[in-house]
Amino acid sequence: GAVVSQHPSRVICKSGTSVKIECRSLDFQATTMFWYRQFPKQSLMLMATSNEGSKATYEQGVEKDKFLINHASLTLSTLTVTSAHPEDSSFYICSAQPGGQYNSPLHFGNGTRLTVT
Amino acid sequence: SQKIEQNSEALNIQEGKTATLTCNYTNYSPAYLQWYRQDPGRGPVFLLLIRENEKEKRKERLKVTFDTTLKQSLFHITASQPADSATYLCALSNTNAGKSTFGDGTTLTVKP
């Protein structure tokens, strides 16, 4: 149980275009999802907390207009990288937490490798 | 500022031995401490969660200790196998286990 599906697993896009990444909780409802960015040999950096039915909460230094987050249902959150540039190339990972269980561990997707050319 | 340090970037051990990974933290009072496994190109997988009022937790060949006085957690894998080779991340959180701060990870290699 507690499976999180993330798509696409890899995407290559041209500079200036936008890319949407989906994160779905397959067998549980997630009122809260989290989006991270990970550089090689570094840890996960929390970008934002996605809350179902309300605006996302962004971490300091993360541009909310650059990284648009939508959490339209209890099982789906999307991250859109707008006007992507080569420096946005990274590994993006989402995680979900079963609804209302703040002391429960995170369930992660398998990440999206974004390459901006 | 909050700081999490995991012992070494890489740890190499022989199959069958016990691997011990360390997670130290400063300027933090976590309510929860978690350990995750991450394989290359994949998302982390949850292993164990320990609360601040718990000293030790076990799951099969895994054991986690949590010393809030020393501000340290130890993660042990007994009878290690080559399949245990991966990067192990510790994560700390206070009120919400979801908003965790992650360490940089330790890459474990178990040699046959």
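The values are calculated or read from the model by the stated rules, or taken from the named source; none is laboratory data. Here the structure is a predicted model, which means the values were calculated and not measured. For neighbour counting, all protein chains shown are included, and Cβ atoms are generated from backbone atoms with ideal geometry for every residue, glycine included. The accessibility values were calculated without ligands, DNA or RNA, using every heavy atom of the protein model including side chains. Shrake-Rupley method; radii C 1.70, N 1.55, O 1.52, S 1.80 Å.
Note that chain A presents 49 Å² accessible area per residue, ligands and nucleic acids not counted, probe 1.4 Å. The modelled label-to-label distance for the pair B:Gln81/A:Leu26, using points 7 Å beyond Cα in the direction of Cβ, is 2.3 nm.
Cysteines in chain A that lack a partner Cβ within the 4.7 Å cut-off: A:Cys13. Volume of the convex hull of the protein assembly as shown (Cα atoms only), normalised per residue: 121 Å³. 3J(HN,Hα) along region A:4-16: 10, 10, 10, 9, x, 7, 9, 8, 10, 9, 7, 4, x Hz, from the Karplus curve 6.51 cos²θ - 1.76 cosθ + 1.60 with θ = phi - 60°, whole Hz, x for Gly and Pro. Distance between the modelled labels on A:Ser5 and A:Leu68, one decimal in nanometres: 2.4 nm (7 Å Cα→Cβ projection). With a simple spin-label model that places each label point 7 Å from the Cα along the Cα-to-Cβ direction, the separation between A:Asn51 and B:Lys59 comes to 2.9 nm.
When the alpha-carbon atoms of region B:7-82 are used, the pair Rg, Dmax equals 12.9, 36 angstrom. Evaluated over chain A, the count of Lys pairs having alpha-carbon atoms less than 16 Å apart is 5 (only pairs 8 or more residues apart or interchain).
Buried accessible area for the A:B pair, summed, 1.4 Å probe, in Å² rounded to 100?
On the way: alone 6530 and 6360 Å², together 11240 Å².
That pair of chains buries around 1700 Å² in total.
The portion of the accessible surface of chain B made up by carbon and sulfur, rounded to a whole percent, is 47 (1.4 Å probe; DNA, RNA and ligands excluded). What's the carbon and sulfur percent of chain A's accessible surface, probe 1.4 angstrom, rounded to a whole number? Of the solvent-accessible surface of chain A, carbon and sulfur hold 51 percent. A 1.4 Å probe run over chain B, with the rest of the protein chains in place, finds 49 Å² accessible per residue.
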